[in-house]
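These notes are about the structure you will find just below.
The values are calculated or read from the model by the stated rules, or taken from the named source; none is laboratory data. Computed from a predicted model, the values in this text were never measured in an experiment. Here the Cβ positions follow ideal geometry from the backbone for every residue, glycine too, while neighbour counts run over all protein chains shown. Accessible surface areas use protein heavy atoms only, side chains included; no ligands, DNA or RNA. Shrake-Rupley method; radii C 1.70, N 1.55, O 1.52, S 1.80 Å.
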Amino acid sequence: MGAKSMIRFLIAGFLAVGLTGPVSALDKPKGKVVLTVTGKITETNGSAGAEFDLAMLDALPGRTARMKTPWTEGETTFSGPLCRAILAAAGANGTAPIVVRALNDYAADVPLEDCKSLDMILATKINGEPIPVRAKGPLFVIYPFDKDASLYNEKYFARSVWQVKSIEVR
């Protein structure tokens, strides 16, 4: 069987058994690790858990949103992967709120339901540019304030962690 035939055979086999997601384990980061997901996960690529560099995060399904926030002046454009896409890539299977932790060890409990039902992103870019640490980067939890004005309150502001370094799935 030739290479093309083998590829077709494998794809047909995967589709026949319903495997529509990635068929390989989480790739190892090629750049600097900016996020580590630990806890109740099935996919790991390092001794600390599931490690992601910026390129890996930006390759995940995401969104770009223009909105006002309490941390920026005027309307700002944020882009990055959906939080649920990151959790899916890590094979998260927890039931309790996740713990999102910042570089300074500030941590917030974020309900899994927020990740599943809201188009929250872990912003990797602000106005099209990578977010420097001094400007709340490299990663910033952004709720979809542009889609739902009822989220614009202290409860969700406290969950909008900036300078994110890790997520613990419980």
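For region 103-120, the set of residues classified as among the hydrophobic types (A, V, I, L, M, F, W, C) and farther than 18 Å from SER150 by Cβ consists of LEU103, ALA107, ALA108, LEU112, listed by residue number.
Residue-by-condition table, conditions (1) of a type in the set (Phe, Trp, Tyr); (2) farther than 19 Å from ILE126 by Cβ; (3) surrounded by 20 or more Cβ atoms within 10 Å (Cβ to Cβ); (4) at pLDDT below 95:
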site: ASP27; (1), (2), (3), (4): no, yes, no, yes
site: LYS30; (1), (2), (3), (4): no, yes, no, no
site: VAL33; (1), (2), (3), (4): no, yes, no, no
site: THR38; (1), (2), (3), (4): no, yes, no, no
site: GLU43; (1), (2), (3), (4): no, yes, no, no
site: ALA48; (1), (2), (3), (4): no, yes, no, yes
site: PHE52; (1), (2), (3), (4): yes, no, yes, no
site: LEU60; (1), (2), (3), (4): no, no, no, no
site: ARG63; (1), (2), (3), (4): no, no, no, no
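Take region 114-141 and flag every residue that is open to solvent by less than 20 Å² (accessible area, probe 1.4 Å), in contact with a Leu (Cβ under 8 Å, 6 or more places away or on another chain) and under 22 Å from THR38 (Cα atoms). Within region 114-141, CYS115, MET120, ILE121, LEU122, ALA123, THR124, LEU139, PHE140, VAL141 meet the criteria.
Kindly provide the set of residues from region 119-144 that are of a type outside the set (Lys, Arg), assigned to a loop (DSSP other than H, G, I, E, B) and more than 16 Å from ASP53 (Cα to Cα), ordered by number. Steps first, please.
As a first pass, look at region 119-144 and keep what is of a type outside the set (Lys, Arg): 119-124, 126-133, 135, 137-144.
Of the ones still in play, those that are also assigned to a loop (DSSP other than H, G, I, E, B) are 119-120, 124, 127-128, 131-132, 137-139, 143-144.
Correct list: ASP119, MET120, ASN127, GLY128, TYR143, PRO144.
Note on region 92-107: among residues that are open to solvent by 10 Å² or more (accessible area, probe 1.4 Å), part of a strand (DSSP E or B) and among the aliphatic types (A, V, I, L, M), the one that is farthest from THR36 (Cα to Cα) is ALA107.
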